[in-house]
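Contents: one structure, followed by commentary.
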Amino acid sequence: MKTFAVLQLSGCAGCEVGLLNSQAWIDEYRLLYMPLVISVHDMPDTDRLLISGGVRTDEDVYNLHRAVRKTGYVVAIGTCAISGGIASLGNRDNVRELFFSQSARHHVPRLLPRSYPIDEYVSVDLYLPGCPPTPELFHSVLSENGKIRTNTTVCAECRRKKIREIRPAQITGFQEGKVSPEVCLIKQGFLCIGTSTRNGCGAPCPRAGHPCVGCRGPSNALIEKGSDAWFESIKKVFVALTDIPDDAIEEGLRSPQLSLFLFQFSDYAHTGRLPRPKEKVV
Ligand code: SF4
Ligand code: SF4
Ligand code: SF4
């Protein structure tokens, strides 16, 4: 039986919960290390290593380097490991100040100047974006080597209809208004960015009436470009499908609700690295 381990860096453990909700791997893989559920002191050698969370502290760097030596195959799971996610909230000045004031206490690991994706430090074989990735996506990574079709957008998995005659003139706030169950959320004035977001999640958010915030990152058409290309692509859709003024669209798309994912994915660290090849992204 093949084996795998899960290393958690700075994140929220939601990815681990997503993995545990997927049972399809149980007959094929043996989980050897995952501090959230298995109490073993040190990481053993495994066939596959899944890493969640971003690199935010010197302890993360140490644990990351140590763990990748125990495997031949590394998978970055979840948005935090790939592009920052909640770990990158600490990049904001006020949050960073709060953390730095705590770092004088000896038991707190030393913070790095900012949050980094794990491929800033180690080589990654496969990327599984999502916050968290769905159980089906975990299954795809563990049992099918990531061979799931991800060459389209969330819209293709959402059953809502873009009715031509409906053209909202203003943005509807995230928690406002009554959501029609059939109509595309953009056509109801919501800031849904499923039009340019990578498919594979099954569109749980828009299907439940909540706009897609792009946690799966840019679609294949955009993933090898910078965040600006993703932003412009989304903006063009709103211009074409609504009568919302351009400046209101611009302001809305730069809102805090969307900023965690939209502006960090494809060029997250702004380090000038080559983009991640789409063939490696599930
Ligand atoms: S990607 Fe999302 S679910 Fe996973 S650790 Fe980060 S915040 Fe949590
Ligand atoms: S824009 Fe959003 S609500 Fe509309 S079809 Fe795409 S994913 Fe569904
Ligand atoms: S619908 Fe959008 S926000 Fe929701 S899980 Fe899919 S990519 Fe993430």
GNM on the chain, Cα springs under 10 Å; top mean-square fluctuation among N94, N21, N63 goes to N94
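If the chain between R159 and E250 were fully stretched, how many nm would it gain, using 0.36 nm times the residue separation less the Cα-Cα distance?
On the way: separation 91, 0.36 × 91 = 32.76 nm, distance 2.62 nm.
Separation in residues times 0.36 nm, less the Cα-Cα distance, equals 30.1 nm.
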Where does segment 1-122 land on the Kirkwood hydrodynamic radius, alpha-carbon pairs, in angstrom?
15.0
Mind grabbing the base-10 log of I(q)/I(0) for segment 124-192 at q = 0.15, 0.20, 0.25, 0.27 Å⁻¹? Debye formula, identical points on the C-alpha positions, no solvent, two decimal places.
-0.67, -0.87, -1.09, -1.21
So which cysteines of the chain have no other cysteine's Cβ under 4.7 Å from theirs?
C12, C15, C80, C155, C158, C184, C192, C201, C205, C212
Got a sec? Charge dipole of segment 19-64, +1 on Cβ for Lys and Arg, -1 for Asp and Glu; which of M43, L19, N63 is way out at the positive end?
L19
For the chain, report the convex hull volume of the alpha-carbon atoms normalised per residue, in Å³, without decimals.
134
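Could you tell me what fraction of 2.2 N^0.38 Å the Cα radius of gyration of segment 144-255 comes to, as a two-decimal ratio? Walk me through the intermediate numbers first.
Details: Rg = 13.7 Å, N = 112, 2.2 N^0.38 = 13.2 Å.
Dividing the Cα Rg of segment 144-255 by 2.2 N^0.38 Å gives 1.04.
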Can you work out ³J(HN,Hα) from phi for every residue in segment 156-166, in order, using Karplus 6.51 cos²θ - 1.76 cosθ + 1.60 and θ = phi - 60°, giving whole Hz and x for Gly and Pro?
5, 9, 9, 8, 6, 9, 8, 7, 4, 5, 8
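Could you check how much of the accessible area of segment 1-155 is carbon and sulfur, as a whole percent, using a 1.4 Å probe?
52
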For a label point 7 angstrom out from the Cα of R167 toward its Cβ, which stretches of segment 184-223 have the backbone nitrogen within less than 18 Å?
184-190
Residues of segment 174-194 with amide N under 18 Å of the 7 Å Cα→Cβ point at E136:
194
Taking protein heavy atoms only, a 1.4 Å probe, and rounding to whole percent, the accessible area of segment 198-261 owed to carbon and sulfur comes out at 57
Grab the DSSP H runs of the chain that are 4 residues or longer, score each as -39,500 (n - 2.57), total them, divide by all residues and round the 222 nm result to the nearest 500 deg cm²/dmol.
-7500 deg cm²/dmol
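Taking a 19 Å limit on the Cα-Cα distance, which of the listed pairs K147/K280; K225/K280; K161/K225; K235/K278 fall beyond it?
On the way: K147/K280 10 Å; K225/K280 15 Å; K161/K225 28 Å; K235/K278 23 Å.
From the list (K147/K280; K225/K280; K161/K225; K235/K278), the Cα-Cα distance tops 19 Å for K161/K225; K235/K278.
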J(HN,Hα) series, segment 178-187, from Karplus relation 6.51 cos²θ - 1.76 cosθ + 1.60, nearest Hz, glycine and proline x
9, 8, 6, x, 9, 8, 3, 5, 4, 5
Residues with amide H under 5 Å from that of V281, placed H, sequence gap 5 or more:
Y127
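Provide the per residue accessible area, probe 1.4 Å, for segment 81-222, rounded to a whole number of square angstrom.
Numbers: 6870 Å² over 142 residues.
Accessible surface, normalised per residue, equals 48 Å².
Which of the GluC sites (Glu not before Pro) across segment 106-189 are loop residues per DSSP, with 11 or fewer other Cβ within 10 Å? Intermediate values should be presented prior to the final figure.
Numbers: sites: E120, E136, E144, E157, E165, E176, E182; in loops: E144, E165, E176, E182.
Loop-located and lightly packed - E144, E165, E176, E182.
The values are calculated or read from the model by the stated rules, or taken from the named source; none is laboratory data. None of the values given here were measured: they were computed from a predicted structure. Positions of Cβ are generated from backbone atoms using ideal geometry, with glycine treated the same way; all protein chains shown enter the neighbour counts. Note: accessible area is taken over every heavy atom of the protein model, side chains too, but ligands, DNA and RNA are not part of it. Shrake-Rupley method; radii C 1.70, N 1.55, O 1.52, S 1.80 Å.
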